[in-house]
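What follows is a short report on a single structure.
The values are calculated or read from the model by the stated rules, or taken from the named source; none is laboratory data. As the structure is a prediction and not an experimental result, all values here were calculated from the model. Please note: Cβ atoms are built from the backbone with ideal geometry, for glycine as well, and neighbour counts cover all protein chains shown. Please note that ligands, DNA and RNA were not included when accessible areas were found on the heavy atoms of the full protein model with its side chains. Shrake-Rupley method; radii C 1.70, N 1.55, O 1.52, S 1.80 Å.
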Amino acid sequence: MRRATSLLPAAAALLLLTACGSEVSGAPGTGASAPASGSPATTPPVYGVRITSVTIPTGTPTPSAGSDGVSVHADPLPTGDAGISAAYEVTNDGAAAMTYTILFDFTDDGGEVMGNRHETVRSVGAGATVRGTVRLGALAPGASPVTRVKISRVTKVPAAEAPPESGKCPSSGIRLTADDGDAAMGLRVVGLRLENCGSRAYTLDGYPLLELLDEDLSPVHGIRITHGSGGISTGTGFDDPARPLVLKPGESALSGLMWRNTTQSGTPVDVPYVRVRAERGADPVTVTPHLDLGTTGKLAVRAWTRAPE
């Protein structure tokens with residue numbers, strides 16, 4: 001039986017910005033507003049993540065009512081580093097250490113995104129709270145003044161299964177990552193890359209092993225995983241046969257996931273997490289490609305192939 005899942009909710013935390021370094025908070029559901037003394041925001045956390053304060057170093061804003069009950073208008077921002085930042089905290093209520101990836105949206109009064117930033121908070125222990133600050137950086141020329149920061153998306157994976165930091169080699173000597181994917185005419189493709197960052201040759205023969213997980217990191221059932229395209233699309237390279245590979249240190253192999261998000265009768269299925277093993281017995285890495293599988297019930301996986309030099 002399939003389990004319908006979704007990515008962690010997208011607009012669940014919102015803060016309004018003030019100028020001159022002041023911060024905002026307020027009642028849940030109405031945005032947030034707070035004096036410049038820096039009292040913590042009272043908006044509810046999004047899967048353990050909440051914004052506690054926001055800073056925008058511009059002139060004094062002129063408050064006015066908005067659709068969410070409260071709004072703050074700030075003077076135009078410089079085109080260089082905007083100086084806008086949001087302090088946040090991540091609380092892990094689970095029983096195991098987790099790594100969180102958070103997408104922050106910086107928006108104008110109308111809700112249009114002027115910029116966004118990803119923050120990865122690694123190895124938050126069970127019951128622990130970790131604090132950090134996300135900075136917008138430079139605004140694009142002609143961008144509207146930023147007046148809000150919201151948590152757009154949160155994903156979290158077991159710390160031991162998180163993709164490695166850029167430039168760091170796991171003890172296994174192989175680094176497995178997923179790209180941001182590509183989409184066209186309902187066809188979705190996410191690439192997988194396996195790099196031998198160790199000191200010994202690494203042998204591959206076949207396909208990566210996949211386990212589909214829901215937002216609670218429990219298995220998603222009812223999805224058929226096919227070696228090759230499975231008829232989803234031709235001419236994509238997914239039907240190239242598997243061949244033995246020997247990766248020397250510094251060499252990489254590529255694979256990929258392909259699906260269509262067609263929705264017909266039945267319940268659409270979303271898979272926010274995929275646990276990937278390069279081969280049987282390899283350490284797992286949990287990636288977050290968000291497989292919006294629709295009602296097709298099928299996911300194609302490509303055999304490992306040597307990456308171009």
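Within region 186-201, restricting attention to residues that are closer than 18 Å to Arg302 by Cβ and not aliphatic (A, V, I, L, M), which residue is farthest from the chain's Cα centre (by Cα)? Walk me through it before giving the result.
Step one: list which residues in region 186-201 are closer than 18 Å to Arg302 by Cβ, which gives 187-195.
Those left that are additionally not aliphatic (A, V, I, L, M): 188, 191, 193, 195.
Numbers: Arg188: 17, Gly191: 15, Arg193: 17, Glu195: 21 Å.
Residue satisfying both the conditions and the ranking: Glu195.
What residue, of Ser85, Ser67, is open to solvent by 10 Å² or more (accessible area, probe 1.4 Å) and at pLDDT below 85?
Selected residue: Ser67, the only one of Ser85, Ser67 that is open to solvent by 10 Å² or more (accessible area, probe 1.4 Å) and at pLDDT below 85.
Just so you know, in region 275-304 the residues that are out of contact with any Asp or Glu (no Cβ under 6 Å at 6 or more places or on another chain) and among the basic types (Lys, Arg) include one that is least open to solvent (accessible area, probe 1.4 Å), and it is Lys298.
The listed residues are Leu291, Leu213, and the only one of them that is more than 18 Å from Pro158 (Cβ to Cβ) and either among the β-branched types (Val, Ile, Thr) or in contact with a strand residue (DSSP E or B) (Cβ under 6 Å, 6 or more places away or on another chain) (or both) turns out to be Leu291. Can you work out which of the residues in region 177-206 that are farther than 13 Å from Leu247 by Cα and part of a loop (DSSP other than H, G, I, E, B) is most open to solvent (accessible area, probe 1.4 Å)? Checked region 177-206; the qualifying residue most open to solvent (accessible area, probe 1.4 Å) is Met185.
The rows are residues; the columns are (1) surrounded by fewer than 16 Cβ atoms within 10 Å (Cβ to Cβ); (2) not in a loop (DSSP other than H, G, I, E, B).
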| position | (1), (2) |
| --- | --- |
| Ala96 | yes, no |
| Thr101 | no, yes |
| Phe104 | no, yes |
| Asp109 | no, no |
| His118 | yes, yes |
| Arg122 | yes, yes |
| Gly132 | yes, yes |
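Out of the residues in region 272-297 that are at pLDDT 95 or above and assigned to a strand (DSSP E or B), state the one that is nearest to Ala178 (Cα to Cα). Going through the qualifying residues, I end up with Val287.
Could you please find all residues in region 222-241 being out of contact with any Leu (no Cβ under 9 Å at 6 or more places or on another chain) and either surrounded by fewer than 18 Cβ atoms within 10 Å (Cβ to Cβ) or of a type in the set (A, V, I, L, M, F, W, C) (or both)? Write out each step before concluding.
Initial filter on region 222-241 (out of contact with any Leu (no Cβ under 9 Å at 6 or more places or on another chain)): 222, 227-229, 231, 234-235, 237-241.
Residues satisfying the conditions are Gly222, His227, Gly231, Thr234, Gly235, Gly237, Phe238, Asp239, Asp240, Pro241.
Assessment of region 164-176 against the conditions (within 30 Å of Pro268 (Cβ to Cβ) and either open to solvent by less than 40 Å² (accessible area, probe 1.4 Å) or not in a strand (DSSP E or B) (or both)) yields at least one matching residue.
On the stretch given as region 134-158, residues that are open to solvent by less than 20 Å² (accessible area, probe 1.4 Å), assigned to a loop (DSSP other than H, G, I, E, B) and among the aliphatic types (A, V, I, L, M) total 3.
For the criterion of being more than 15 Å from Gly186 (Cβ to Cβ), in contact with a Pro (Cβ under 7 Å, 6 or more places away or on another chain) and of a type in the set (Lys, Arg), Arg306 fails. Contact annotation: residue pairs with Cβ atoms under 9 Å, 6 or more positions apart or on different chains, pairing a residue in region 237-248 that is farther than 15 Å from Asn196 by Cα and among the acidic types (Asp, Glu) with a partner that is open to solvent by less than 40 Å² (accessible area, probe 1.4 Å) and in a loop (DSSP other than H, G, I, E, B), are Asp239/Ser229; Asp240/Ala303. Residue by residue through region 230-257, note down the ones that are within 10 Å of Arg302 (Cα to Cα) and within 26 Å of the chain's Cα centre (by Cα). Correct list: Thr236, Phe238, Leu254, Ser255, Gly256, Leu257.
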